[in-house]
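Contents: one structure, followed by commentary.
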Amino acid sequence: MTMIDSNLQGVRARIARACLTAGRAPDTVALLAVSKTFGPEAVREAALVGQRLFGENYIQEAVDKMARLATMDLPQPLEWHCIGPIQSNKTRLVAEHFDWVHTVDRLKTAERLSAQRPDGLAPLEVCIQVNVDGGGTKSGVAPQQALELARAVARLPRLRLRGVMSIPDPLPDAAAELAVHRRVRELFDELRTQGGPGFEAFDTLSLGMTADLEAAIAAGSTMVRVGSGIFGARDYGARPA
C-alpha cells in the first residue's frame, strides 16, 4: 500500500466517523483531494485507488497537469475543481478546462466565466465564496451581499449555481470551529430558501479542510477539501501561477 492510498483510507475513515457522530450517511459528504503543487503522478496514484474529484489552486499548473494526465492510463475520468483565486487573465483557462469553480466572489468573474465557457461543454458548476468571519485579507463576498451575487450568477448562461464555499480562519478549538462553520451553514440555508429561479441545483456546501473536517461535517458540509492529509507536506517552490 502506498502512502497516498493509506492516507486516503485514513481520511475516508475520518469522514465516516464524523458523519456517524453527526447522524449523517457517509455518502452525503464528498471528498475533494487538493492536489496543488503535486505532480500528475501523485494525482494518478490517488485516482488508481478510487479518488475522482481533485481541487487545484494554481490555474496554469493545473492545466499543465491535466494535459499530462490526459496521456496516462486512468481508471475513470477525473473531475476538476478550481478552488483558488481567479485573476481576470485566467478566466478563460478556468472556463475551458475545469468542471467546477468554488471561488466566485465577484459578478465580473462570473460573467467572464459564462462568456468564455465553450458551448460544447456542460455548464460550469459554480459555488459562491463567502467571507463569513470577516478576515480582511481573504477573498469572499460579505454575507450580506451573498444573495444578490448568487441571484446574478444564477441568471448567467453556461453556469450552474451549486452552492457556497468558505475558508474560515484557523481557530483554537473544535467548539470555535463548529460555531463559525454553523454560521456558513446558516447562510447556505438562507440562500437556498430565498434564492428563487436558478437555485434548483443549489445543494453544495464546500467547507472544511484537513484540520477541521470533523467540525465542518458536524455543521453540514457536503464537500471537504483535503490536501496535506492525502498527499503530505507541500513544497511551495517555483511553479506556474
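Readers should treat all values here as calculations from the given coordinates under stated rules, not as data from a laboratory. What you see is a predicted model, and the numbers here were worked out from it, not measured in a lab. FYI the Cβ positions are ideal-geometry reconstructions off the backbone, even for glycines, and counts take in every protein chain you see.
For ARG17 and ASP203, FRET efficiency with R0 = 25 Å and r from the beta-carbon atoms, rounded to 0.05? Plugging the Cβ-Cβ distance into 1/(1 + (r/R0)^6) gives 0.60.
For the chain, what is the mean residue ellipticity at 222 nm derived from helices alone (per DSSP H run of n ≥ 4: -39500 (n - 2.57); sum divided by total residues; nearest 500 deg cm²/dmol)?
On the way: 9 runs with 101 residues, N = 241.
About -13000 deg cm²/dmol.
Considering only SER139, ILE4, LEU149, and ranking their Cα positions along the charge dipole of the chain that arises from unit charges at the beta-carbon of Lys, Arg, Asp and Glu, the one farthest toward the positive end is LEU149.
Full-extension gain between GLN144 and ALA122, please, as 0.36 nm times their residue separation minus the C-alpha to C-alpha distance. Could the numbers behind the result be given before it?
Details: separation 22, 0.36 × 22 = 7.92 nm, distance 3.04 nm.
This chain segment gains 4.9 nm when fully extended.
About the Cα centre, and with charges only on the beta carbon of Lys, Arg (+1) and Asp, Glu (-1), how big is the dipole of the chain? Nearest 20 debye, please.
Numbers: 28 positive and 28 negative charges, 76 e Å.
Dipole size: approximately 360 debye.
Under a 5 Å amide H cut-off, with hydrogens placed 1.01 Å from N, MET223 pairs with ALA30, LEU205, LEU207 among residues at least 5 apart or on other chains.
Each residue, GLU186 and LYS108, gets one label point 7 Å from its Cα in the Cβ direction; the gap between the two is 3.2 nm.
Using a/c under 1.5 as the rounded threshold, could you call the stretch 114-156 rounded, prolate or oblate? The axes a ≥ b ≥ c are square roots of the C-alpha gyration tensor eigenvalues, and prolate needs a/b larger than b/c, oblate otherwise. Kindly include the intermediate steps, with their values, before the conclusion.
Working: a/c = 3.60, a/b = 2.16, b/c = 1.66.
Note, shape of the stretch 114-156 comes out prolate.
Between the amide H of VAL141 and those of GLN129, VAL130, ASN131, distances stay under 5 Å, these residues lying 5 or more places away or on another chain, with hydrogens modeled in the peptide plane. Could you pull out every one of the lysines with an alpha carbon less than 23 Å from that of LYS36, ignoring same-chain neighbours closer than 8 positions? Partners found: LYS65, LYS90, LYS138.
Spin-label model, ALA211/ALA25: points 7 Å from Cα along the beta carbon direction are separated by 3.3 nm.
Using θ = phi - 60° in the Karplus curve 6.51 cos²θ - 1.76 cosθ + 1.60, the 3J(HN,Hα) couplings for the stretch 223-228 round to 8, 9, 10, 10, x, 4 Hz; x is entered for Gly and Pro.
Measuring nothing but how far apart in sequence close Cα pairs (under 8 Å, 6+ apart) lie, relative to its length, the chain scores a relative contact order of 22 percent. Nearest 0.05, what FRET efficiency do MET72 and ALA176 give at R0 = 35 Å with Cβ-Cβ as r? Given R0 = 35 Å and the Cβ-Cβ separation, E is 0.25.
Give me SER228, SER35 ranked fewest to most by other Cβ atoms within 10 Å of their Cβ, as a rough exposure proxy. Before the final figure, lay out each step's value.
Numbers: SER228 13, SER35 24.
Least crowded to most crowded, the residues run SER228, SER35.
Which FRET efficiency value, to the nearest 0.05, is calculated for ALA233 and THR193 with the Förster distance at 41 angstrom and r the Cβ-Cβ distance? Given R0 = 41 Å and the Cβ-Cβ separation, E is 0.50.
How much length, in nm to one decimal, is gained on full extension between ASP64 and VAL49, taken as 0.36 nm per residue of separation minus their Cα-Cα distance?
Roughly 3.2 nm would be gained on extension.
Comparing Cα centroids, the stretch 32-53 and the stretch 127-206 end up 26 angstrom apart. Which value does Rg/Rh take for the stretch 97-207 over its C-alpha atoms, Rh per Kirkwood? We get a ratio of 0.99 for the stretch 97-207.
Given C-alpha coordinates of the stretch 3-231, what is the ratio Rg to Rh with the Kirkwood estimate of Rh?
Working: Rg = 16.9 Å, Rh = 17.8 Å.
My calculation puts Rg/Rh at 0.95.
I'd like to verify something in the chain: which complete DSSP H helices, judged by Cα projection on the helix axis, reach 27 Å or more and average at least -1.0 on the Kyte-Doolittle scale? Membrane-span-like by this criterion, though nothing is claimed about a membrane: 3-22, 174-194.
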